[in-house]
Each structure stands twice: as structure tokens, then as C-alpha cells.
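A short write-up of the structure that comes next.
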Amino acid sequence: NLKINIAIDGPAGAGKSTIARLVAKELSYIYVDTGAMYRAVTWHMLKAGIKPESAAEVLRHAQAMEIELIPGADGQKVLVDGRDVTPYIRSLEVSGMVSQYAQIEGLRKHLVALQQQMAARKGVVMDGRDIGTTVLPNAELKIFMTASVKERALRRFKELGDAQGVTLEQLEKDISERDRLDAGREISPLRCADDAIVLDTTHMDIPQVVDTIVSYCKTHT
Ligand code: C5P
């Protein structure tokens, strides 16, 4: 029973991480959340006061950081130099800045190399923006997951709850802006790979999406 690599790309809030984690669980594969790596770097830079304009400084710090993704009881944990930063990386502050750091070419090269190492032995479900196009161009299965902006904002709204005091309208704006930056950047923009299967999940629930991807996987193994 040979293991394959599965690449899941798509815009912000399409549910990639939820789905990727469940697909990995179902197949006993390793889940790699590449967005969490860009978020961990962003969290570190904000804390250290390093602006995205200082590309060389960002890269120097990123290369010195140890980023670990480890499976936890409820989802994946992200450790930076041994410290659990999982609770901080989904904040509105990090979400609002991550796309700017993610445009830095040297940083992308560095993180892509780490991601390729993580997938070298196969049996990985990796989600992000450039997995099928750049990180794992030879992945046996590539999924491009989308949903309407409205639906994605609504999902994130339910996930955040009232605690963060953000409106649905604000989330729609934030998500559209992140889509614009991620699709418009020069290096590895968010783009559907030519050989990816497009999955519009606007009207699908979580188990339906998981089952669909697992069934595609079975045709490859
Ligand atoms: O997937 P998530 O929303 O956590 O990703 C956060 C941000 O990290 C994205 O908006 C994007 O700017 C960046 N990212 C990226 N390439 C990836 C994964 C994430 O540029 N492979």
C-alpha cells in the first residue's frame, strides 16, 4: 500500500486546514499546515519589531528560528524555538500582516525547502497556496479548494465567535484583501495548478469534502 502526497491549495478561509487535517487522520498521513509556518514567522517578526520591508533582516531571523509542527490532541501545534505559539498565530494582528511577509522571496525559498523535506518520505497532506504549483509539483493528488467570499467569511465568523468583536462585513473585507495580495504577488501567487482538481465547497459540508478527497486518493493507491 504505497503512500502518496496530497496538495491542498486555495484562498483564505476555504476550510483547507480543517479538511486537510481530517483527510490526514482518515488515511493515517501526516498533516502539514504551511500557513501556520508563515504565521509563526509573522508572529516572531511582529514581536521582534522587524517590518516586512526589511527583507534581509526577516530572512536572517527566519533562518535562525526553529519551527516545528507537531500533532496535538486538538489539531496541530506550532512551536517556535520550543515555545508553543499556537494560541497567538491566528490573531487578527497576525492575520492582517502575514500576506506581507509571505511576499518576501528569500523567506518563501527558506520555508519551501523545509516543507519539501517534510514531504520527502510521502504520506503527507499539505495545505497552503503554492503547494501544487511550487512546493510539491509532483504530488500525486492536487486539490484546489474554493468557496464564495461570503461563505468563507461566514465560516470564519462562526469559528471566531463574538470574542474578537469583529463583524461579518469586516471579515469579508479582510478575506477579499488577503485573496488580492495572495493572488497578486509576484513570487508563487495563489494559482490553481493545471493538474489540480477544483473543489467548490460553498454548498458542501465537512464530511462530504473529506469523503470526496479520500475517494480521489483511493484511485491513486
Ligand atoms: O492558510 P492560512 O490562512 O493560515 O495562511 C496564512 C497566510 O500565509 C496566507 O494568507 C498567505 O499569505 C500565506 N501563505 C502562503 N503560502 C502558503 C501558505 C500560506 O503565502 N503555502
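The values are calculated or read from the model by the stated rules, or taken from the named source; none is laboratory data. On a predicted model such as this, the values are computed, not experimentally measured, just so you know. As a convention, Cβ positions derive from the backbone with ideal geometry for all residues, glycine included, and neighbour counts pool all protein chains shown. Areas reflect the complete protein model, heavy atoms only, side chains present, ligands, DNA and RNA absent. Shrake-Rupley method; radii C 1.70, N 1.55, O 1.52, S 1.80 Å.
Things to note:
- The share of Cα pairs per 5 Å bin across the chain, counted from zero up to the longest distance, runs 1, 7, 15, 19, 21, 18, 12, 5, 1, 0 percent.
- Residue among 85, 71, 38 farthest towards the positive dipole end of the chain, charges placed on Cβ: 71
- Check: the chain dipole with +1 on Lys, Arg Cβ and -1 on Asp, Glu Cβ, in debye: 320
- Gain on full stretching of the segment that runs from residue 220 to residue 56 - 0.36 nm per residue minus C-alpha separation: 54.9 nm
- Under 21 Å from the Cα of residue 3 - lysines, other chains or at least 8 residues apart: 16, 25, 122, 142, 218
- Formal net charge of residues neighbouring residue 36 (Cβ-Cβ distance under 10 Å; K, R +1; D, E -1): +1
- All Cα pairs of region 128-221, percent lying beyond 16 Å: 64
- Surface analysis of region 1-150 yields an accessible area of 45 Å² per residue, using protein heavy atoms and a 1.4 Å probe.
- Among the trypsin sites (Lys or Arg not before Pro) in region 40-131, those located in a DSSP loop and surrounded by at most 11 other Cβ atoms within 10 Å of their own Cβ are 121.
- Relative intensity, log₁₀ I(q)/I(0), of region 57-141 from a Debye sum that treats every alpha carbon as a point, q = 0.13, 0.17, 0.19 Å⁻¹: -0.49, -0.86, -1.09
- For residue 145, nonlocal amide neighbours, meaning residues 5 or more places apart or on other chains whose placed amide H falls under 5 Å from its own, are 9, 10, 199.
- Label-to-label distance, residue 84 versus residue 187, with points set 7 angstrom from Cα along the beta-carbon direction: 3.2 nm.
- Ratio Rg/Rh, restricted to region 107-162 and using Cα atoms, in which Rh is the Kirkwood radius: 1.10
- The slack in the chain from residue 158 to residue 194, taken as 0.36 nm per residue of separation less the alpha-carbon distance, amounts to 9.7 nm.
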